[in-house]
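Visitor: For reference, the structure I am asking about is given below.
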Amino acid sequence: MNAVAPGWNRFAGVSRPVAAAVVGLLALLMAWGAVGGVGGDHVAVAKPASGHFDDLVGDHALYARIAQRVAEGESYYPAAAAEHRSGNYPLRPFVTVRLPTLAHIVAALGERNTMLIFLLIGGGAILAWYRRLRTEPGVPRYAAIGALFVAVNLSQLAAREWLYIHEVAAGVLLALALALYRPARPWATMLVVAAALAIRETVLPVAMLFGLFALIDRDWRAAAGWLALGLCFAGGLAAHIAALAAVTTPADPASQGWHGQGGWIAYLSFVQASSILRFFEGWAAALLVPLALLGWSAWRSRLGLAILLIQLFYAALLMLFARPANFYWAMLVIPTLFIGIAFVPAALAALARSLWRPARALPAAA
């Protein structure tokens, strides 16, 4: 086993009050989740009365029908507008209609080939994380088990119905992009983030974060690259808005809004429903999600900081805005969330040492 170089663990050597505060917050979040009723009414899955298409239900059926119409030669936006209307889905504002990228991919390649491509991307993400965790300076070798946590949380890639949920495709691309991220060589990450952004516009905060890091590092080439990516995205989004406006009217239904405000319990529920924890009771999410966040907060590195900020940002997004039917938004970050568990043993050991460290003896009075 590799020796652990000092400095990677942010909690090593912290003061006793800091350690007590961290442990207290961890215990509070766990207890809150354990008694808060994770799952239940916080998650709304498609009902039998929802729209159906070829054994698919709800949003899965909606996006599959759109892809089929595109495969049959229809333009994306008229097809999407027609399907949204027939299923009584909102068409306003523009974010209620997905970007056309995934529908065109499925229409061009077919379901089986598209699933195969994303399974290969998922395999690449697993291998990239294994290699990253084995070779990252200072990180203990057992941290490579984090690649297994990536693998078990990409199981949706093998299920046909999840092929049509954009967050699944964008999430596996984001997992690969994060494994490849190196500040000195950001180009591979930039390319993969661009692909994820073309599928789901909610990946934009990740691109913005990496652009901010490039500015902090005064890496003007990388900053220019991220800026160019942002400008291309803005142009594509403007085209999306214009094309959608051409096929909608003020009479089309509008979204009820995104003001779920379900808080911590809703976030845990979304994570449970979107991850391998769906096969367990709610207490599993109540215990493991805070531990995963603790693990990410322990890894003192640029990548560790990036993923911690990404996880906290999307956690806040889910807590504040996601409705029960939006639980699958969590799939953007689920593939990388539980990698943090790999850093938990060292984090807890460091906190325990700080709590049990003997108090420094006071100097004897003269």
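The values are calculated or read from the model by the stated rules, or taken from the named source; none is laboratory data. The structure presented is a predicted model; accordingly, all values stated were derived computationally and were not measured. Note that we place each Cβ from the backbone using ideal geometry, even for glycine, and neighbour counts take in every protein chain shown. Ligands, DNA and RNA are excluded from the accessible area calculation, which covers all protein heavy atoms including side chains. Shrake-Rupley method; radii C 1.70, N 1.55, O 1.52, S 1.80 Å.
Visitor: For a quick check of your reading of the model, give me the residue pairs whose first member lies in segment 145-171 and is within 28 Å of GLN68 (Cα to Cα) and free of Cβ contacts under 8 Å to residues at least 60 places away in the same chain, whose second is assigned to a helix (DSSP H, G or I) and open to solvent by less than 20 Å² (accessible area, probe 1.4 Å), with beta-carbon atoms closer than 6 Å and at least 6 apart or on different chains.
Guide: Correct list of pairs: LEU157/PHE118; LEU157/GLY122.
Visitor: Still on this structure: Among the helices (runs of 4 or more DSSP H) lying completely within segment 84-188, list those that include at least 2 residues that are of a type in the set (A, V, I, L, M, F, W, C), surrounded by fewer than 22 Cβ atoms within 10 Å (Cβ to Cβ) and within 20 Å of the chain's Cα centre (by Cα). Talk me through it step by step, then tell me what you get.
Guide: Numbers: elements: 101-109, 111-135, 146-152, 166-180.
Here the list reads 111-135, 146-152.
Visitor: How many residues does segment 297-323 hold that are in contact with a Gly (Cβ under 7 Å, 6 or more places away or on another chain) and open to solvent by 30 Å² or more (accessible area, probe 1.4 Å)?
Guide: Applying the first criterion (in contact with a Gly (Cβ under 7 Å, 6 or more places away or on another chain)) to segment 297-323 yields 300, 319, 321-323.
When the remaining residues are screened for being open to solvent by 30 Å² or more (accessible area, probe 1.4 Å), the result is 300, 319, 321, 323.
The qualifying residues number 4.
Visitor: So, one more: Any residue in segment 218-232 that is at pLDDT below 95 sitting within a Cβ distance under 7 Å of a residue that is open to solvent by less than 100 Å² (accessible area, probe 1.4 Å) and among the basic types (Lys, Arg)? List the pairs, counting only those 6 or more apart or interchain.
Guide: Pairs found: none.
Visitor: Which pairs turn up if I take residues in segment 259-282 that are among the aromatic types (Phe, Trp, Tyr) and look for partners that are outside any helix (DSSP H, G or I) with beta carbon separation below 8 Å, at least 6 apart in sequence or on another chain?
Guide: Short answer, once both residue conditions are applied: TRP264/GLY36; PHE270/VAL43; PHE270/ALA322.
Visitor: Still on this structure: Name every residue in segment 151-169 that is closer than 18 Å to GLY110 by Cα and aliphatic (A, V, I, L, M), in order of residue number.
Guide: Initially, segment 151-169 is screened for residues closer than 18 Å to GLY110 by Cα, giving 156-166, 168-169.
LEU157, ALA158, ALA159, LEU163, ILE165, VAL168, ALA169, listed by residue number.
Visitor: Filter segment 229-244 for residues that are open to solvent by less than 50 Å² (accessible area, probe 1.4 Å) and either within 21 Å of LEU212 (Cα to Cα) or not small (Gly, Ala, Ser) (or both) and give the result. First the steps, then the outcome.
Guide: In the first step, residues of segment 229-244 are kept if they are open to solvent by less than 50 Å² (accessible area, probe 1.4 Å); the result is 229-230, 233, 235-237, 240, 243-244.
Within segment 229-244, LEU229, GLY230, PHE233, GLY235, LEU237, HIS240, LEU244 meet the criteria.
Visitor: So which residues in segment 212-227 are open to solvent by 60 Å² or more (accessible area, probe 1.4 Å) and of a type outside the set (D, E, K, R)? Steps first, please.
Guide: Within segment 212-227, the first condition is being open to solvent by 60 Å² or more (accessible area, probe 1.4 Å), and the residues that meet it are 212, 215-218, 220-221, 227.
Listed by number, the residues that qualify are LEU212, LEU215, ILE216, TRP220, LEU227.
Visitor: So which helices (runs of 4 or more DSSP H) are wholly in segment 259-366 and hold at least 3 residues that are of a type in the set (A, V, I, L, M)? Working first, answer last.
Guide: Details: elements: 263-274, 282-298, 302-320, 334-337, 344-356.
In segment 259-366, 263-274, 282-298, 302-320, 344-356 are the helices (runs of 4 or more DSSP H) which contain 3 or more residues that are of a type in the set (A, V, I, L, M).
Visitor: May I pose another question? Residue check: is LEU157 in contact with a Phe, Trp or Tyr (Cβ under 9 Å, 6 or more places away or on another chain) and closer than 15 Å to PHE233 by Cβ? Steps first, please.
Guide: Values: in contact with a Phe, Trp or Tyr (Cβ under 9 Å, 6 or more places away or on another chain): yes; closer than 15 Å to PHE233 by Cβ: no.
Here the answer is no, as LEU157 does not meet what is asked.
Visitor: If a residue has to be among the basic types (Lys, Arg) and touching a residue at least 60 places away in the same chain (Cβ under 8 Å) to count, how many in segment 97-124 make the cut? Don't jump to the end; show me each part of the working.
Guide: Taking segment 97-124 as the starting set, the residues that turn out to be among the basic types (Lys, Arg) are 98, 112.
Next cut, touching a residue at least 60 places away in the same chain (Cβ under 8 Å) only: 98.
Qualifying residue count, segment 97-124: 1.
Visitor: Test each condition in (1) at pLDDT 90 or above; (2) surrounded by fewer than 13 Cβ atoms within 10 Å (Cβ to Cβ) for ASP55 and report the one that comes out false.
Guide: Just one mismatch for ASP55, condition (1).
Visitor: If you don't mind, another one. Taking the options ALA71, ALA64, name whichever one is touching a residue at least 12 places away in the same chain (Cβ under 8 Å), open to solvent by 50 Å² or more (accessible area, probe 1.4 Å), more than 22 Å from the chain's Cα centre (by Cα) and over 30 Å from VAL139 (Cβ atoms). Even if it seems obvious, please write down each step before you answer.
Guide: Details: ALA64 fails: open to solvent by 50 Å² or more (accessible area, probe 1.4 Å).
ALA71 is the lone residue from the list that is touching a residue at least 12 places away in the same chain (Cβ under 8 Å), open to solvent by 50 Å² or more (accessible area, probe 1.4 Å), more than 22 Å from the chain's Cα centre (by Cα) and over 30 Å from VAL139 (Cβ atoms).
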